[in-house]
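Asker: Got a structure for you, questions after.
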Amino acid sequence: MIQADPHKERIDKVITRWIKRHLYRLDAEINIDQLTSLVEDKEMLAENLENLVQKERQTGRLEGRQEGRQEAEQRALESKRNAARKLIALTEMSDQLIADIEELPVEEVEKLRAETQH
């Protein structure tokens, strides 16, 4: 489309500048300093954009894994708390013994015991 326009040089410069600024604002960390023309440097731009997409996908995967780990840890902690609540309700075990069994801090078990007594 740019090549077909009678003002192609001006349009090319404006769009190229806009793309470069936008990518800088995104902190894209790709090498586009030599990019001077979308028409002439389209292969370089395509390669850099592909690298950016791959980097963003990798970042997204890493963030997803981290969120998954955090959610799993939270579910495991809640499961331990629920088991501790049952032990508190059904047995005469000490808070220290329940904490040892469920691998929770004794303060956490004391707090759960106080909650169940109310």
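Asker: Please work out if residue 57 is modelled with pLDDT of 95 or more and either touching a Cys at 6+ places or on another chain (Cβ under 7 Å) or not hydrophobic (A, V, I, L, M, F, W, C) (or both).
Answerer: no
Asker: Within segment 90-110, track down each residue that is assigned to a helix (DSSP H, G or I) and surrounded by fewer than 10 Cβ atoms within 10 Å (Cβ to Cβ).
Answerer: Matches in segment 90-110: 90 only.
Asker: Also, I was wondering about something else. Would you call residue 83 modelled with pLDDT of 95 or more, assigned to a helix (DSSP H, G or I) and over 32 Å from the mean Cα position of the chain (by Cα)?
Answerer: For residue 83, the condition - modelled with pLDDT of 95 or more, assigned to a helix (DSSP H, G or I) and over 32 Å from the mean Cα position of the chain (by Cα) - is not met.
Asker: Can you name every residue in segment 86-116 that is under 36 Å from the mean Cα position of the chain (by Cα) and small (Gly, Ala, Ser)?
Answerer: If the condition is that a residue be under 36 Å from the mean Cα position of the chain (by Cα) and small (Gly, Ala, Ser), then 99 is the only one that fits.
Asker: I'd like to know if segment 63-82 contains one or more residues that are touching a residue at least 24 places away in the same chain (Cβ under 8 Å) and among the basic types (Lys, Arg).
Answerer: Checking segment 63-82: at least one residue is touching a residue at least 24 places away in the same chain (Cβ under 8 Å) and among the basic types (Lys, Arg).
Asker: Would a scan of segment 64-78 turn up a residue that is modelled with pLDDT of 95 or more and either surrounded by 14 or more Cβ atoms within 10 Å (Cβ to Cβ) or not in a helix (DSSP H, G or I) (or both)?
Answerer: Yes; the residues of segment 64-78 include at least one that is modelled with pLDDT of 95 or more and either surrounded by 14 or more Cβ atoms within 10 Å (Cβ to Cβ) or not in a helix (DSSP H, G or I) (or both).
The values are calculated or read from the model by the stated rules, or taken from the named source; none is laboratory data. Fair warning: this is a prediction, and the values are worked out from it, not measured in the lab. Glycine gets a Cβ as well: all are built from the backbone with ideal geometry, and neighbour counts include every protein chain shown.
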